[in-house]
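First the structure, in the form of structure tokens, and then the observations on it.
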Amino acid sequence: MFGVFSLISLLVIPGICSQEWGVQYSGLNRCVLKGSTTFLSGTFKHPDHLTVKETFWIVNPVKDQEFINLLDLPDYRGRVQYFPNKNRTFILRLSNVRREDEGIYCFRIITNEEAQRYLGFPGIELNVTELRVEIPEEVVEKDSPVLFCKSTCFLSDTTGFIWYKNGESFSESSVGNRLILQSVSRDDAGNYSCAARHQEHLPSPAVTLSVRYPPQSVSVSISPSGVIVEGDSVTLKCISDSNPPALNFSWFKENETSAVGSGQSFSISSFNSSFSGRFYCEAQNKYGSGRSASVSLFVPAGVQNTGLFAAAGIGAALITVCAVVAVIRILRKRATPSEERNHRASRHQKTVESPEDAYMTLDPKSRCSEYDTLDNMKRSCDTDDPEDQDSTYYNMVK
């Protein structure tokens, strides 16, 4: 857009050939952060016989098009401020800079004579950028990586950079836009960002630094925990701290040359004394390996499978219950003669509780085959011999 607009084209503007016109900017290139506030300034001169009626700024001038004051452009409304000219100086304040603000800014002078106007071209080229942090692709423990705070152009008026880790500023070895981390460890991992000094409110997006390291703090967990008895199912699990996570695990038994298992978990389905010993694991990733301390697996003397004890106890209890029930039944069947007589008397009493019922039961002889027997017994009881009466009564009861 600007290639067609050259200094030669501007020379056709009336009055621009005057040796007494001139605009000098404080710098022809400005690089500022998106969201920041910047100032464009300079000085100018004009023929003494002319009177300056108006000065203003324009952006991206185009030949044969009207030069529009920035104050009249909707995109700049409320973000542009001109400061009064003193000693023929001019200052533009542009706040909340946007990407769309990139371009060439020129100073325009209007005098009391229509033919005497001036445009200070070329003007100030404004570039808008954002900060970003660059880190090495891979950082391994004990490396000394360098982090860079970069932008697409060289920032104007920047005196240095501030670095942040996890949102907190920290003091480390920084030179210019570089941050040097000496002999890093896993504690140096985190989210890093940077900001231009005096513009801390415009930090870069955070970038995560990941520190790679071999397995550390390797340990073994036992499940189930506690005393092991024969027949138990035992599982050992290898736990490690590494980046990236360990993928290869090997299990060893002390005093044995070869591995007894692989994988993060090692299981013994039915433990017995032949498995007793001390076990350890080795975890490995692409940066190295680490070994755990040994753990002991053994069956204490005199300890047997609690499940068998429980089954034996339940069986003994069932046998006892059955024996008690059998004894009770036998005792109920064995009754003394007196208990038997009482039992029969009780049954007889229940039968004749109601006189009317008894009367109805002792119907004429044709209704009960035992009527003659009872009648004969009564007559026997009417004899005069007391001994015979007792004997007959006893036989009847018996």
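Among DSSP bridges having both ends in the stretch 77-231, what percentage is antiparallel? Round to the nearest 5.
Working: 30 of 32 bridges.
Bridges in the stretch 77-231 are about 95 percent antiparallel.
Once label points are set 7 Å from the Cα along Cα→Cβ at both GLU114 and GLU230, what is their separation, rounded to one decimal in nm?
About 12.1 nm, to one decimal.
Hey, how many Å between the Cα centroid of the stretch 200-217 and the Cα centroid of the stretch 249-279?
About 39 Å separates the Cα centre of the stretch 200-217 from the one of the stretch 249-279.
Work out the length of the dipole vector of the stretch 132-209 about its Cα centre, built from +1 on the beta-carbon of each Lys and Arg and -1 on the beta-carbon of each Asp and Glu, and round it to the nearest 20 debye.
200
Can you list the residues, at least 5 places off or on another chain, whose amide H is less than 5 Å from the amide H of CYS31, using H built in the peptide plane?
For CYS31, whose amide H was placed from the backbone, the distant partners under 5 Å are ASN127, SER156.
Please arrange VAL184, VAL32 by how many other C-beta atoms lie within 10 Å of their C-beta, fewest to most.
In increasing order of surrounding Cβ atoms, one gets VAL184, VAL32.
Assuming 0.36 nm per residue, please report the length gained on full extension of the stretch VAL207 to SER144 beyond their Cα-Cα distance.
Extra length from VAL207 to SER144 when fully extended: 21.0 nm.
How high is the FRET efficiency from HIS198 to ARG77, r the C-beta distance, R0 41 Å, rounded to 0.05?
Calculated transfer efficiency: 0.90.
Among SER193, SER173, which comes first, second and so on when ranked by fewest other beta-carbon atoms within 10 Å?
Details: SER193 20, SER173 11.
Arranged by neighbour count, lowest to highest, SER193, SER173 become SER173, SER193.
Sort TRP57, TRP251 so the one with the fewest other Cβ atoms within 10 Å of its own Cβ comes first.
With the fewest neighbours first, TRP57, TRP251 line up as TRP251, TRP57.
At 0.36 nm per residue, minus the direct Cα-Cα distance, what do CYS153 and GLU137 gain on full extension? Give it in nm, one decimal, please.
Fully extending the segment from CYS153 to GLU137 adds 3.4 nm.
So what's the stretch 125-227 giving for Cα Rg divided by 2.2 N^0.38 Å, two decimals?
1.45
Run the numbers for LYS286 and ASP64: contour at 0.36 nm per residue of separation, minus the present Cα-Cα distance, in nm.
Here the answer is 73.2 nm.
Rule-based calculations on the coordinates, nothing more; no lab input. This structure is a prediction, so every number in the text was calculated from the model and none was measured. Ideal geometry is used to build each Cβ from the backbone, glycine not excepted, and the neighbour counts take in all protein chains shown.
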